[in-house]
Every structure is written in structure tokens, then in C-alpha cells.
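Let me begin by presenting the structure, written as C-alpha cells, before commenting on it.
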Amino acid sequence: MHFHDGWLLIKTGQIVFENMKVKGNAMRRVVMICLIIFVFLAVCGCQKETDQEKVKKVITEIQAAGEVKDVSKIMKHLSKNYSDPQGFNYEGIKGLLIGYFLRYPKISAYISNLMISVESESARAEFQTVLTSGEKTGSIKDMIPTSLGVWDFSVTLKKESNAWKVTSAKWEESEMMNTGE
């Protein structure tokens, strides 16, 4: 510790105070600002995205890609080993998506009741999706979306190269759509 013309130098801590008679309020403000910055950095820097949040992000990115009809963005979230109970594999799902996107000029998807469970390297997401479409015929009725249905999804994901990939999906029309006809 060295004193030099009103300066206190602490070599090891690199702390420098000018004029040892610093007012109490000014010092409290400096300390408070430093504490606020420290807490902010600690909270922001230490938060790590959980596996549940990562799985949710995969589902919402697939939803967003579907609404803009971007097959490649959807497929990047599917495992090359994809296989589902409906009999589709990776290429089959790609064909199914292209068919829907050609048939319906505008698709909107609304996800509700999303429940995610994660166990080690596998995860399951269950949710309902309301699908709507608008056709471009030039009529005023184009303003009102056409329902494509409410669907219950059960999606299985696995970690592949540290990224969550969809390995299977099962979907069926929701019971709420069955009117008993």
C-alpha cells in the first residue's frame, strides 16, 4: 500500500481512491451501483437453458416454420431415423409436408396444452394444435380461416449431437372435434 499526493494505491487489488476523505453518500452510491451490476451479471450469466426449454423451442420452431411453409427448417429438427406409428419415415414426412403446403396456401398453427417431460437423453411433448387455412380465391370469405381441425400430438425426441431431434410423432383428430355424427 502506497500513499502519494492524496492517492491511495493498493497494488494487488488495483483499487485507487483519490483523496481519502470520500463522502459517505458518494461511496454508498458507488458500492450500490457495483452491487447492482454484479447481481445483474450473475443472474444473466448463470442462467442456462433447461432441456425442457430446448424441447419447447424445437416444437415452437417447427410451428413457426410450418406457418411460413419452410420444409427445410422443419426437417432440420427431425432425426434421420424418424419413424412413426402412421408408417412415415424421414422422407415420408417431408413428402407429407410438401403435399399439405401445396394444397393449402396459408396455414396457421396454434399450440395449446403443451406438456413436456424429459428423462436423460429422451423427451416427450404432448399438445393440441388447432390448424387453420385460408384459401386465395379473391373472395371476401378468404378473410375467415377454414378449419383444418384440432389435433392431439404426442412427439418423441432424442438428443443427437447435443441437439433435440424428433424421432417419432403420433397425431390424431382431437376428441373435441368428434361430434358423434
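The values are calculated or read from the model by the stated rules, or taken from the named source; none is laboratory data. A quick note: this is a predicted structure, and the numbers were derived from the prediction, not measured. Positions of Cβ are generated from backbone atoms using ideal geometry, with glycine treated the same way; all protein chains shown enter the neighbour counts.
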Worksheet item: Any residue in segment 2-24 that is part of a helix (DSSP H, G or I) and either modelled with pLDDT under 65 or within 30 Å of residue 125 (Cβ to Cβ) (or both)?
Response: yes
Worksheet entry | Count of residues meeting criterion [small (Gly, Ala, Ser) and in a strand (DSSP E or B)] in segment 81-117 | 5
